[in-house]
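> One structure is given below, represented as structure tokens, and several questions about it will come after.
Throughout, read-outs are computed from the coordinates displayed, never taken from laboratory work. Bear in mind that the values here come from a model prediction, so they are computed numbers and not experimental data. Because the Cβ atoms are built from the backbone with ideal geometry, glycine has one as well, and the counts that use them run over all protein chains shown.
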Amino acid sequence: MKRLTVLLGVMMLVLTASPALAQTSETAASSSGSMLVLLASLGAAIAVFLLFIILFGSTRSRTEASINTRLTTYSAEADGSSGLFAKFRFLRRAARSAESAAEKRGATNKIEAALETADLPLKSGEAIIAALALAILFGLVVTALTRSLLWGAIAGFIVLLGALMFVNQVAARQRKKFEDQLPDTLNLIATSLRAGYSLLQAVEAVGEEAPEPTRREFGRAIAEIRLGKSIDDAMNDIAIRMSSQDFEWTVLAINIQREVGGNLAEVLQTTAETMVMRNRLRREMKALTAEGRISAIVLSIMPLFLFAFIWATNPGYVEPLITTGVGIGLLIGGGVFILVGIFWMQKIVQVDA
């Protein structure tokens, strides 16, 4: 009954506003009228979306919502979802459908691994739905502004690509932090071992005292060990999640020491000193290749800035590139060549240390 009342109220509101919309459509020939039509379209889309949420969104009672709220104290995934996706039923279903489709194509593990490394509180299905929603939203806005479906599709694709690059960039940043903290982590383990701790107690100390993301990864390893996984497998999983070759060598050194014997604290300290020297060498090579990397960035961004400058000062000069098929093809080809040039220059200045 409540939903029916809301629906009738919205219908009456639409009927009441119809004369104003009609008057707006009569003046759509002018620039101000076009802007009003655009704003009215966006407002109508938002109203329909909110109506859809009200009618087909969350149907849980207050008692059920209170129970789920209490359960979230003990579990971050009380009803199989989190955040906004836990409030609306159709969002949960969409996330599950997207997750099932990704699982059929074998992409679920990669997406979840990237999200876990980036420390983003989203499941694979939720991330896919969020990226698609942003892409569709920006695509509709660009389509309404340019009145071209092609540019709307290009904008949506750029948003999808940007979301993927954002997740990978955040994950790479977390991996770099882990690599930079690894020598201090090994020194902490070695100091704990010299103080009489066992290896498991030393790992627990790292999980409590180390900064993020090392503390998060070692805390997860401790949880896995308490559930029955061996310490070697748990630490090897850390190396796999963080894509750390240095930590993989560390785990290999620990396994060798446990088989042949010796002083593990000295082995870990020697490994930490070696990592410090390798990191110093990486920074030196990065400083030596700074000029080449800056040149690559400047050469890559220059065509975009030049196009934007000409478009702002003399739009008619570059209008054939946007309005004709040959011009659009040239733009696409130029973008492909720019990406190839960026990849090529990155490989030139990249040094494996």
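> Given the Cα-Cα distance of V326 and K347 and 0.36 nm per residue of separation, how much length would full extension add, in nm?
Taking 0.36 nm per residue and subtracting the Cα distance, the gain is 4.4 nm.
> Sort the stretch 220-291 into rounded, prolate or oblate with this rule: let a ≥ b ≥ c be the square roots of the eigenvalues of the Cα gyration tensor; rounded if a/c is under 1.5, and if a/c is not under 1.5, prolate when a/b is larger than b/c, oblate otherwise. All intermediate terms of the calculation are to be shown ahead of the outcome.
Details: a/c = 3.63, a/b = 1.65, b/c = 2.20.
It is oblate, given that a/c is not under 1.5 and a/b is not larger than b/c.
> Quick one: net charge of G341's neighbours, Cβ under 14 Å, K/R +1, D/E -1?
+2
> Provide the per-residue ³J(HN,Hα) series for the stretch 226-243, in order, calculated from phi with Karplus coefficients 6.51, -1.76, 1.60 and θ = phi - 60°, each as a whole number of Hz, with x at glycine and proline positions.
Per residue, the Karplus-derived 3J(HN,Hα) values read 5, 8, x, 7, 6, 5, 5, 5, 5, 6, 5, 5, 4, 4, 6, 5, 8, 6 Hz.
> Still on this structure, please answer the following. Would the stretch 174-279 count as rounded, prolate or oblate if I go by the C-alpha gyration tensor, calling it rounded below 1.5 in a/c and otherwise prolate when a/b exceeds b/c, oblate otherwise?
Because its axes are fairly even, with a/c under 1.5, the stretch 174-279 counts as rounded.
> Take the alpha carbon gyration tensor of the stretch 289-353, find the square roots of its eigenvalues, order them as a ≥ b ≥ c, and report rounded if a/c is under 1.5; if not, report prolate when a/b exceeds b/c, else oblate.
Cα axes put the stretch 289-353 in the oblate bin.
> Pop the C-beta distance of N109 and A312 into the FRET formula with R0 = 45 Å and round what comes out to the nearest 0.05.
0.50
> Sticking with the crude label model, points 7 Å out along Cα→Cβ, report the distance from L140 to E208 in nm, one decimal please.
Simple spin-label model gives 5.2 nm for this pair.
> Now for a different question. For the stretch 308-320, just list the computed ³J(HN,Hα) in residue order, Karplus coefficients 6.51, -1.76 and 1.60, θ = phi - 60°, integers in Hz, with x standing in for Gly and Pro.
5, 5, 5, 5, 6, 8, 9, x, x, 5, 9, 4, x
> Could you state the number of Å between the C-alpha centres of the stretch 137-162 and the stretch 250-292?
Result: 47 Å between the Cα centres.
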